[in-house]
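Here the structure is laid out as structure tokens; the discussion comes afterwards.
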Amino acid sequence: MAPDFRSDKMETAEGKGIARARRQAAGWRFGTTPRPRSVIELLSRRTKAAQVSDLIGFWVMWQLHGGFEGLEDLGMERSTIFRRVKRFRTLFGKHPDEYVLEGVKVNLHEYRKAVEAERRK
């Protein structure tokens, strides 16, 4: 059974505000116009933001685990992978294997080191 975090206190709805501070340090202000339009922001306006965030998570998993076969090894069903690839291609215009999300760097070497460190605990 998954833990229930609903009663855990958070400092704010922003958590510790790390992502918010990073955004503001980059010069992005909330509620100002005109502002830069990222691919994710534009897609989120055309479709449900939850679907876009799910597909970004899928893209990250695809990158970290070596694509189709790696996701299967994690336990994802083949049909689910095919459906998500189709949705990803429909929204982002490219296969998740070919898509580059500007501003996001996937460091597989660091990820593998972290996974190995967790296994040794």
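The values are calculated or read from the model by the stated rules, or taken from the named source; none is laboratory data. Just so you know, these numbers come straight off a predicted model, no measurement behind them. Ideal geometry is used to build each Cβ from the backbone, glycine not excepted, and the neighbour counts take in all protein chains shown. What goes into the accessible areas is simple: the full protein's heavy atoms, side chains included, and nothing from ligands, DNA or RNA. Shrake-Rupley method; radii C 1.70, N 1.55, O 1.52, S 1.80 Å.
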Reported set for segment 65-98 where residues are part of a helix (DSSP H, G or I), closer than 24 Å to GLU41 by Cα and touching a Lys or Arg at 6+ places or on another chain (Cβ under 9 Å) is PHE88, LEU91
From (1) in a helix (DSSP H, G or I); (2) open to solvent by 60 Å² or more (accessible area, probe 1.4 Å); (3) closer than 24 Å to VAL39 by Cα, pick out the condition that doesn't hold for LYS113.
(3)
Residues (at pLDDT 75 or above and closer than 14 Å to THR90 by Cα) located in segment 22-53:
LYS48, GLN51, VAL52
